[in-house]
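Bear in mind that the values in this text are calculations on the coordinates, not laboratory data. Not measured: the values here are computed from a predicted model. In this analysis, Cβ positions are derived from the backbone assuming ideal geometry, glycine residues included, and neighbour counts consider all displayed protein chains.
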């Protein structure tokens, strides 16, 4: 995992209890925080907000209950993971293929890390798994300890911990299968456009680089014409000026 940079975000109010030293307070906060690594539509901060606060995003087909703690991420940083993303399955929110991460694919996957508390991450994961928020799944600790844990056979029911950033674990979820073991499927335009927006926000890439990146992902390559991907990205991310 490499870190591509960072931008500022808000921080929570400090623990003012006189019984807690600054060192103990810092350790306690660190024990409760993880990086949620998004590589699909949740790279777009406005999209992730629906998971945190609840509701139905424009153009979506699904209403999210939201997290028990709806506060914004404490920090947001761009990251790159070893491996790549591919598109498969059927999205219940957007139709078309969904993005999954496979650490065994060649190259690197562009992603965005959000600093959340453990409960927030558990609730985001539960919503991705079509489960109700409200309990912290045990597989979070297992994923941190072993690098991988699987709750079930479904989409996004496998948690991966590809490393640490600033001493805190990086966590993401994906399908249990490798890209080579499933049938790829083209994503819907609205979903691909959301990912394009996330890449611009997280990494600051220009439209050409974003289009090249997306057009070569398994599930897009061979089903989307590269010129159509470029047109979609240009429409979603018009040039300034």
Rank the residues 166, 102 as a footprinting-exposure proxy: fewest other Cβ atoms within 10 Å of their Cβ go first.
166, 102
Please give the peptides 176-187, 35-46, 119-130 ranked by average Cβ packing (other Cβ atoms within 10 Å per residue), highest first, as a rough proxy for protection.
35-46, 119-130, 176-187
Find the percent of Cα-Cα distances in region 149-208 that exceed 20 Å, and round it to a whole number.
52 percent
When all Cα-Cα pair distances of region 179-241 are considered, the percent exceeding 20 Å is 23 percent
Likely footprinting exposure, 210, 195, fewest C-beta neighbours within 10 Å first
210, 195
May I ask you to work out the translational diffusion coefficient for region 114-175 at 10 °C, viscosity 1.306 mPa s, via Stokes-Einstein with Rh from the Kirkwood sum over Cα pairs, reported in whole µm²/s?
138 µm²/s
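How do the peptides 85-92, 200-207 rank, highest first, by the average count of neighbouring beta carbon atoms within 10 Å per residue?
In decreasing order of mean packing, 85-92, 200-207 become 85-92, 200-207.
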Using just the C-alpha positions of region 124-241 as equal point scatterers, what log10 of I(q)/I(0) does the Debye formula give at each q in 0.12, 0.15, 0.23 1/Å?
-0.59, -0.85, -1.18
